[in-house]
């Protein structure tokens, strides 16, 4: 509306010519939901069920503490002696039965996340650590998921300890609720490990396939599958276990004869050389982990280096020694393609000369041509959320051609930049996307009377070359 001037003089008016712009939102801000040693910033438990943003492991340790020390490790020192009692050989070996280790792996998951390129993330502490051997409670993790619903920034949901839930039905209920939250908010994605039911996920390839079959049947439902991706098998890592030296047993075996066990702490003053050998054996003990923490770090690293439209696959897993299970191409066929329900599980595999790689990029909706790939789903989340936040400024603006032109130009400029970066497929912008808004295009007179501005956006997102086929044939000589 023009200003009504009443006093003679010179007046300055600034006329905005540029359309408003869309600021891209962050794409890889995971939220880790689980148990922590503490949850304190100022007073005890003031961070309980409070989504808290951190940027480093030091910040995590300050607010949430460290790992739960292992108590069930047994170190055996096998020694051979000559006739005079002189030591010939000494070999120390540490063992930890999988069923006896701590189920609280949040700290180790954060180590993998940061090692693989992770940055800022959120922590939702659901409760302090339970005693070793105690069962995790699904309701605790669900409470953390509910608390996360009010946080706007997180774009990934991870339950590092969900694989340790005693029942696969609890695992399914928890992740179904997480997928439902993603569908309701449309701004986040679930990275999940595989719960194999009663089948161990760290033995043979046959057990892995059986566990994945259990996961598909009982570990996840049939709804909202495009908002999640699963990865298997677990990985052996270079991470060191935290231990309680007052509880770790040390057994000295001399020429096949075992002495009575003693606690590791007693060796510090009694025999420091043997103590150091025992500590070295514990450091050599592989820490087996669900892969979700590492995968979240890979998502973040790929997003930062290439963009959210690049599939987070064919990327090495840092801090991994090897997968706990190795399998063949034929067995991965059954993981990658599920003809019945389409619940694809992305493989983690070792390759000679390359290390351990993520070798899959499918969502759980593996048979859906629209939402088959992780990068396509997450790219649409990124564009949808960025555009949603930018168009909020037009709420209650006049629903007329002036506003429509501004909105269309704003979105087209944003998508043009993405097209130039390689996120959209097409040799020209009009081949890669379209934006439509206006009376007779996307709206009827009734829509305008009822206050609706309808904007249609179509995008040709780039898709990964999952299968590269090289075709060779003989050619007849021509000269």
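Every read-out reported here was derived from the displayed coordinates using simple, explicitly stated rules and does not represent laboratory data. Note that the structure is a prediction, hence the values are computed from the model and not measured. Glycine also receives a Cβ, built like all others from the backbone with ideal geometry; neighbour counts cover every protein chain displayed.
Details
- Taking each residue as 0.36 nm, the span from residue 314 to residue 393 lengthens on full extension beyond its C-alpha to C-alpha distance by 24.4 nm.
- R0 of 30 Å, Cβ-Cβ distance residue 206-residue 91: FRET efficiency to nearest 0.05: 0.40
- Looking at the chain, the DSSP beta bridges with both ends there are about 60 percent antiparallel.
- Stokes-Einstein diffusion coefficient of the range 1-139, Kirkwood radius over Cα pairs, 4 °C, 1.567 mPa s, in µm²/s: 63
- Cα centroid separation, the range 217-292 to the range 332-377: 30 Å.
- Angstrom value of the Kirkwood radius, inverse mean 1/r, which spans all Cα pairs in the range 214-288: 16.2
- The simple Förster model, with R0 at 25 Å and r as the Cβ-Cβ distance, assigns residue 242 and residue 152 a FRET efficiency of 0.15.
- Neighbour counting of Cβ atoms within 10 Å sorts the residues 195, 474, 431, fewest neighbours leading, into 474, 431, 195.
- Anisotropy class of the range 286-384 from Cα gyration tensor, a/c 1.5 cut: oblate
- Taking the fewest neighbouring Cβ atoms within 10 Å as the starting point, the ordered list for 220, 15 is 15, 220.
- In the range 148-296, the ratio of gyration radius to Kirkwood radius, Rg to Rh, stands at 1.15 when only Cα atoms are counted.
- Estimated distance in nm for a label pair at residue 15 and residue 139, the labels positioned 7 Å out from Cα along Cα-to-Cβ: 6.6
- Globularity ratio of the chain, using Cα Rg and 2.2 N^0.38 Å: 1.22
- For the range 1-43 and the range 378-426, distance of Cα centres in Å: 16
- Computed over the chain, relative contact order equals 17 percent, with contacts defined as Cα pairs under 8 Å that lie 6+ residues apart.
- A helix-only calculation puts the chain at -9000 deg cm²/dmol for mean residue ellipticity at 222 nm, using -39500 (n - 2.57) for each DSSP H run of at least four residues, averaged over all residues.
- Counted residue by residue at 0.36 nm each, then reduced by the alpha carbon distance between them, the extension gain from residue 100 to residue 61 reaches 11.6 nm.
- Overall dimensions of the range 59-140 by Cα: Rg and Dmax, Å: 19.4, 62
- Here the peptides 94-107, 22-35, 454-467 are ranked by packing, the mean other Cβ count within 10 Å, and the order with the highest first is 22-35, 94-107, 454-467.
- Against the rule of thumb 2.2 N^0.38 Å, how large the Cα Rg of the range 395-479 comes out: 1.79
- In the range 395-479, Cα pairs under 8 Å separated by at least six residues give a relative contact order of 26 percent.
- Its convex hull of Cα atoms gives the range 227-267 a direction-averaged projected area, equal to a quarter of the hull surface, of 5.8 nm².
- Exposure proxy shown here: for 419, 309, 359, the number of other Cβ atoms within 10 Å sets the order, fewest to most, as 359, 419, 309.
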